[in-house]
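Just below is one structure, and these are the notes that go with it.
The values are calculated or read from the model by the stated rules, or taken from the named source; none is laboratory data. These figures come from a predicted structure and were not determined experimentally. Positions of Cβ are generated from backbone atoms using ideal geometry, with glycine treated the same way; all protein chains shown enter the neighbour counts.
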Amino acid sequence: MRALRSRYALGLVGALVALAFIGAALGAYQHRFTRAVMVTVDAPRAGLLMDAGSAVKLRGITVGTVRGVTEQDGHAVLTVALQPGATNGIPSGVTARIMPTSVVGGKYVDLLAPATHGSTAITAGAVIPADDRVPETEDLFQQLVQVLDAVPVDRLDVALSSLSNTLQGRGQRLGTFLSRLDHYLVALNGHAGQISTDLTRAAPVLQTYAAVSPQLQHLLADSTTVGGTLVARRGDLRALLRTFAVTGDTADQVVQSLRTSLPSMLRRMEPVTRLLADYAPQYPCMFETWASQVTNNRSFGYAKPGAQVLVTVQPGQDGYQYPRDLPRFVDGVGPRCYDLPDMKGVTRAPRFIHFDDGEHAIGTDDGAAPNKQPVTVFPPVTKQGKR
């Protein structure tokens, strides 16, 4: 009996030792005996495959593990144990995100250090916020299921069959098209900078168009009214156009009739026009002198409107002979205003200029000796006076 009790005691001790060994192994696996700084990560969700023991990383380096995941008010609360030696490099303003290791693999907690932070390190009991910007695989499948539920299966089958029939036998052409498209995209990629600059410069232009869009709308509305008026008066417009056609034909006939004579007339007028242009500075004082003579001329002791003309009698000459008596253009005496239009008090002696004007003296039959008669010309003045 005593031996039996000894066996039972030994068995119980062995079982306790085995349980203690298993508990110690589990505790060591779960880091129960390792000192840690306990913090909490508050995430909108943890997703699938986020279990206890998942890694917690900062800049790709493991700084702790996940001890547990619970749900509280619709949020996932992750209990995180940080390594005591790593907390000095973790700032107090750190944030977190739940990242997958692969498409179907487990997840880990990625800590994100702020761009600017102080020297305060994270402490035990801190709550680290986490965002929800990382897409989950189950979300993609859920959206795909929603799309498939919204699309009728029979219509989807018809659409896929039509697409298959359309592409059947056209694989080579489709491949050629895709190759050319790739070539165009590669060439276009080289001008990406210029395209970006053009788009940037287009922004002010589009803003200007947007600013004047009300005026453009009013213009289009007015154009509609004008167009309606033209449609209503299309008969009158047609008659006006016919009148223009008849006028154009008449003008064409006039131009055709003047095709030869008009250029000749313009060529003959060119020297006269050039001469008038050369003497243009003399016209104002000449017209002012005529005006003053007409209004202020005194003849026979009383005022009488009119023009004063000096007429002289010249010696007789031979009759006109061609080409001896062809007139010659006298150059070098203009344009000048002299003392015109203010001729009052002019007592200076006239200046004589001898020039060949084509005139011949009496008795010169050979036409070789021109008559160089003295011509009275008043000397020029620098200032033009007015009455």
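The table that follows gives values for the structure above.
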{"item": "Number of positions in region 46-88 that are in a helix (DSSP H, G or I) and exposed (fewer than 15 other Cβ atoms within 10 Å of the Cβ)", "result": "3"}
{"item": "Test result for Gln194, within 30 Å of Met99 (Cα to Cα) and not charged (D, E, K, R)", "result": "no"}
{"item": "Within region 180-209, tally of residues that are exposed (fewer than 10 other Cβ atoms within 10 Å of the Cβ), more than 30 Å from Leu219 (Cα to Cα) and small (Gly, Ala, Ser)", "result": "4"}
{"item": "Test for Gly125: is it modelled with pLDDT of 80 or more, part of a loop (DSSP other than H, G, I, E, B) and surrounded by fewer than 11 Cβ atoms within 10 Å (Cβ to Cβ)", "result": "yes"}
{"item": "For Val41: the one exception among (1) at pLDDT 85 or above; (2) loosely packed, with under 12 Cβ neighbours inside 10 Å", "result": "(2)"}
{"item": "Among the residues listed as Val13, Val66, the single one being closer than 22 Å to Leu82 by Cβ and at pLDDT 70 or above", "result": "Val66"}
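Quick grid of which residues meet (1) outside the structural domain of Val41 (by TED's automatic domain parsing); (2) at pLDDT 85 or above; (3) of a type in the set (A, V, I, L, M); (4) out of contact with any Gly (no Cβ under 7 Å at 6 or more places or on another chain):
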{"residue": "Asn88", "(1), (2), (3), (4)": "no, no, no, yes"}
{"residue": "Arg97", "(1), (2), (3), (4)": "no, yes, no, yes"}
{"residue": "Leu111", "(1), (2), (3), (4)": "no, yes, yes, yes"}
{"residue": "Asp132", "(1), (2), (3), (4)": "no, no, no, yes"}
{"residue": "Pro135", "(1), (2), (3), (4)": "no, no, no, yes"}
{"residue": "Pro152", "(1), (2), (3), (4)": "yes, no, no, yes"}
{"residue": "Arg155", "(1), (2), (3), (4)": "yes, no, no, yes"}
{"residue": "Leu178", "(1), (2), (3), (4)": "yes, yes, yes, yes"}
